[in-house]
1. Using a 7 Å offset from Cα along Cα-Cβ at SER433, what residues in the stretch 322-344 end up with backbone N under 13 Å from the label point?
2. Please list, in chain and number order, the residues 5+ apart from ILE279 or on another chain whose amide H is under 5 Å from its amide H, with Hs placed from the backbone.
3. May I ask you to evaluate 6.51 cos²θ - 1.76 cosθ + 1.60, the Karplus curve with θ = phi - 60°, for each residue of the stretch 13-21 and list the ³J(HN,Hα) values in order in whole Hz, giving x for glycine and proline?
4. Stretched out fully, how many nm does the piece from THR464 to ILE405 gain, at 0.36 nm a residue minus the Cα gap?
5. Among the complete DSSP H segments of the chain, which ones combine at least 20 Å of alpha-carbon extent along their axis with a mean Kyte-Doolittle hydropathy of -1.0 or more?
6. How much length is gained if the chain between GLU94 and SER193 is pulled fully straight, taking 0.36 nm per residue apart and subtracting their Cα-Cα distance, in nm to one decimal?
7. If you compute Kirkwood radius over Cα pairs in Å for the structure shown, which of [x] 27.7; [y] 25.2; [z] 28.8 do you land on?
8. When GLU206, GLU253 are ordered from fewest to most other Cβ atoms inside 10 Å of their Cβ, what list results?
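None of the figures in this text is laboratory data; all of them are computed from the coordinates on show. Bear in mind that the values here come from a model prediction, so they are computed numbers and not experimental data. Cβ placement follows ideal geometry from the backbone for every residue including glycine, while neighbour counts extend to all protein chains displayed.
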Amino acid sequence: MTKDYYIYNTLTRNKELFKSVNPGMVGLYVCGPTVYGEPHLGHARPGITYDVLVRWLRYLGYKVRYVRNITDVGHLEHDADEGEDKITKKARLESLEPMEVAQTYTLAYHEAMRKLNVAPPSIEPRASGHIIEQIQLVQTILDKGFAYISNGSVYFDTQAYDAKFHYGLLSGRNLDDTRENTRELDGQSDKRSPFDFALWKKASPEHIMKWPSPWSEGFPGWHLECSAMSEKYLGEVFDIHGGGMDLCFPHHECELAQNTVSRGQGGVRYWMHNNMITINGQKMGKSLGNFITLNEFFTGSNPHLDQAYSPMTIRFFILQAHYRSTVDFSNDALKAAEKGLKRLLQAVRDVDAITFSSGEGVNAELKKDYDGVFDSLCDDLNTPVALSFIYDAVRLLNQAKDHQITLHSADRILLDELLRKIVPDVLGLVDESTESGSESIVGGLMDMILEIRKEAKAKKDWTTSDLIRDRLKDVGIQVKDTKDGVEWSR
């Protein structure tokens, strides 16, 4: 098993051999959700992407400290510096405490991730729980001469930074581009330049979430939290910082600038960004009327959906595209993914249905598929190529099942590794009927029903036999008679 893993680094725009700061231990920080609304499709992709990354690194033998934050303060409506805090606005509209809003949607996010089989992070810090660290970071940047105080707020001096370093390394921009594309918003008169960003915002009298600081009673800027919390839990230099492509600018660009000033270095060795999700070719958004929450996908309760789609179908579909490419959701694509997932999970069950010969030889094509899965996952987490090799192995398994080829005991070891370990433990694709012990219950019931059907067929009672088959089909269970016996699948 190779431990060489190649990762695309957004900062250098190259695929690089991954080397951890501390050999054997990987530090990973991923920007988590802003918890002011129901979790939606946009939350699923980073959740699944970085879950597979953590699973694969651990599979390769690394220990991983995975930190994923919760943004519960400072994320403003219009941009990083202006507008009303999103959680405060939700609390005001619904007559709730801001922390009540944050807790409600944090729990909803956790439940959605659980259904998608996304394992929880090692540490999940909240921005509101690290105000002291953020105030200290603001003071450090002020002391270094790269920030200024204006009317009780503190802003990062982007021009001063750009004069010594380069603002825009991560996103490939320069300050002139930033200046041209920056909107003039009400309230920016406090800034020396419209592209400076807030480190600390003075709160208005009606603002609910605010804390005392040396500059004013206020709250930290959105970009600040990740710099403060990543250093606290992973150190001044750590391995991987992940997030969506939409965070590359300005959020991660501002983080990089803050880190460089406060730590004397960028602080992150590999910047990793997953691409966006579209629905029927359009960006998802409430204004476009195509906004679909994850719970609506799971229940089918949205006019854009033809049916409900299980969490594993969503997960499988996302893994069919490379994390750096866009994913377009449509009913047709999801239905195709549903069929592909069923075929894969049936193959997982079928490993036990095959008689393997006692020979020691290894099927050369199966060995090629096995190696291909490892090589593709080590090549910047190329899950679609890995899946193509897995499906080729499934084809060979089905040929053995139909007695077209013979597989040996050594082949079973490879199939077990691919289908019983890589599929569930790395790709996170599992049979959802296993939840809460329901697999054993359903399996037991099916054994009983199929035994009754077998007895009916033995008595040539075709009416009862066909009735059982048809009624099972009505509730989503397919029964297939083969020369080796009866198979059933959901």
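1. So the set is 342-343.
2. MET284, PHE329
3. For the stretch 13-21, the Karplus-derived couplings read 6, 9, 8, 10, 5, 6, 9, 6, 4 Hz, x marking Gly and Pro.
4. Working it through step by step, the gained length comes to 17.7 nm.
5. Helices meeting the criterion: 41-59, 98-115, 331-350, 364-378, 383-401, 438-458.
6. 32.1 nm
7. Structure-derived value, by its label: [y].
8. If I rank by nearby Cβ atoms, fewest first, I get GLU206, GLU253.
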